[in-house]
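Following: one structure in structure tokens, then a few remarks.
The values are calculated or read from the model by the stated rules, or taken from the named source; none is laboratory data. Note that this is a predicted model, so its numbers are computed, not measured. As a convention, Cβ positions derive from the backbone with ideal geometry for all residues, glycine included, and neighbour counts pool all protein chains shown. Side chains included, ligands, DNA and RNA excluded: accessible areas come from the protein's heavy atoms. Shrake-Rupley method; radii C 1.70, N 1.55, O 1.52, S 1.80 Å.
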Amino acid sequence: MKNKIATALSLCALLLSAPVLSQVSNGNFESWSNGVPDNWTTIDSGISVTPSSSLVYNGSSAAAITVNTATQGSTDFRQTVSVTSGQSYTFSVWVYHTEGGISARLYVDGYQGYSNPSTTGQWQQISHTITPSSSSIEVGLRFYDQSGFDGSEVVYVDSFEPTEAGSGSGSTTCSTHSGNVALTTDNYGSETSWEITNSSNQSLYSGSGYTSNTSYSEDICLDDGDYTFTISDSYGDGICCSFGSGSYAITFDGATYASGGDFESVEATSFTLGDLGSGSGTNDLSDYYSSAEGLSGFALKTELYNIISHHSTQSYSALWTFYLSYGLDSFYENDGTIIDIYSENPTGTDPYTFTPSRDQCGNYSGEGDCYNREHSFPRSWFGGAVSPMNTDVHHIFPTDGYVNAQRSSYPYGEVSSATYTSDNGSKVGSATSGLGYSGTVFEPIDAFKGDIARAYFYMATRYENQISGWETHSTYGDAVLDGTSDQVFEDWFLTLLLSWHTQDPVSQKEIDRNDAAESFQGNRNPFIDYPEFASEIWSN
């Protein structure tokens, strides 16, 4: 019997014999009543479900499922479908992981295959073929906690197929680069395997376990970026032409990026989709920002949003890896320790240092115990652990865990009376009387105020399409955000940011980090490349 493409990362096996179709009701999640997807009747206490129009695989909406428990028996999401006993059916669903702390398990008359939670920021498909012995079965998903689950995580779900007509069904679409891997095996199909990896060497798609002398076709979807397609033969004689006439081809948007069959053990082809090249940073920034030329005010901000908004979402754990390579001190003591903006002393000896990887948090009871991942723009302000904001490296810095906890989600500001002062002089306390805000604020040292300001200008621009709705998520966020997508910030906070941006100009550390961030996730912070953008947008 033919084996289908069936690894955990595999996305779309071609069925050589068409199954008899059953109909999943509202499988594309286009119909909702009172915030609940129609026809999905089993929604357990450990999950909540809301419609999403920002992240969809097909149609105009998907289901954003927030998993709030590690209790697996409380995370089922199902419905009952009618089937014909003795007939063969294939059910499939597309899922999108945001952080990597939750896996989705397909339910088709029992628990079946899992998604790969480490494949974040990409849609992936899980499927199962069944020949039922009854006239109805249940289908759906169950969600399982994985290492790194922080108690709440969003998984997007779409295109549970086959779905009934009228609920958004139709040919699936890819919003970025639509591709296909076509493979014909030789006389020894089981020796063949392939894989697509990104620039971080993360495996995105793969296939193995093939039948001999059989043709396969798999549809895939990738964002802009650098990738490598690798095909392997375990015996070392390729797939053509000693023992059969095997071949492969990988295409995107109608163009062929790799093809062949006559190789030995391994053949690897690197390719780029979109305008992003490999290496550390864009070589010609005028080209990168060329579409914004001549613009000013909020029109400039919107065009910058168009330029930087299609970045590749990374996993939360990938931030640790970024810090290992690009968060090290080669600017002050030049000692290779972690640069922590809440403990670094730019003009003298650091009060303590963090060894990369070894000192990751972890538990802490005081300063110097460990470093963690500080959302300079607190994630409670944008609704919690929601990607891509939650993993966007442009605003997430390595900082002392204890000082980060003291900062909490207070706004940045200038302190008149400190209730806590870190070893490098960062402060928590009541705001100065002339600030325009009377609550508690956190004030970093002068050397990093511009870094913070430019991270906030980035957030206001990169998330222009969402940020007007964040004002109500948090009391502190409400104090900073004005509920618009253009000015974004309250007058007092915008004045503060512009002041910090001017007083602490762009440093070489920021330039290097910006280059690294582009290699990491595929976009840049415009306010580091062109500091004048801030005044051109917000000066009035």
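Here are some notes:
- Applying the criterion of being in a helix (DSSP H, G or I), within 15 Å of F533 (Cβ to Cβ) and not aliphatic (A, V, I, L, M) to the residues of segment 486-517, the residue that is most open to solvent (accessible area, probe 1.4 Å) is T502.
- Filter result (in a strand (DSSP E or B) and under 16 Å from S343 (Cα atoms)) within segment 392-419: I396, F397, P398, T399, D400
- Of the residues making up segment 46-61, those that are in contact (Cβ under 8 Å) with a residue 12 or more places away in the chain, over 17 Å from D76 (Cα atoms) and hydroxyl-bearing (S, T, Y) number 5.
- Selection within segment 107-128 - touching a Lys or Arg at 6+ places or on another chain (Cβ under 8 Å), farther than 21 Å from T176 by Cβ and either outside any strand (DSSP E or B) or of a type outside the set (G, A, S) (or both): Y107, Y111, Q112, Y114
- Filtered residues of segment 295-311 (kept if among the small types (G, A, S) and more than 18 Å from the chain's Cα centre (by Cα)): S296, G297, A299
- Strands (runs of 3 or more DSSP E) (entirely within segment 171-261) containing at least 2 residues that are of a type in the set (F, W, Y): 225-233, 247-252
- Screening segment 288-303 for residues that are without any contact (Cβ under 8 Å) to a residue 24 or more places away in the chain and exposed (fewer than 14 other Cβ atoms within 10 Å of the Cβ) and picking the one that is farthest from D486 (Cα to Cα) gives S290.
- Residue check for S53: at negative phi and surrounded by fewer than 21 Cβ atoms within 10 Å (Cβ to Cβ): yes
- Of all residues in segment 369-419, those satisfying the criterion of being of a type in the set (A, V, I, L, M, F, W, C) and either in contact with a His (Cβ under 7 Å, 6 or more places away or on another chain) or open to solvent by less than 10 Å² (accessible area, probe 1.4 Å) (or both) are C370, F377, W381, F382, M389, V393, I396, V403.
- The criterion of being open to solvent by 10 Å² or more (accessible area, probe 1.4 Å) and more than 22 Å from V386 (Cβ to Cβ) holds for T41.
- Filtered residue count, segment 518-540, keeping only those that are of a type in the set (G, A, S) and in a loop (DSSP other than H, G, I, E, B): 2
- Being in contact with a Phe, Trp or Tyr (Cβ under 6 Å, 6 or more places away or on another chain) and not in a strand (DSSP E or B) is a description that applies to E367.
- Of all residues in segment 304-313, those being surrounded by fewer than 17 Cβ atoms within 10 Å (Cβ to Cβ) and either modelled with pLDDT under 90 or not in a loop (DSSP other than H, G, I, E, B) (or both) number 2.
- Residues in segment 314-341 that are of a type in the set (S, T, Y), more than 18 Å from F448 (Cβ to Cβ) and either touching a strand residue (DSSP E or B) at 6+ places or on another chain (Cβ under 6 Å) or outside any loop (DSSP other than H, G, I, E, B) (or both): S315, T321, S325.
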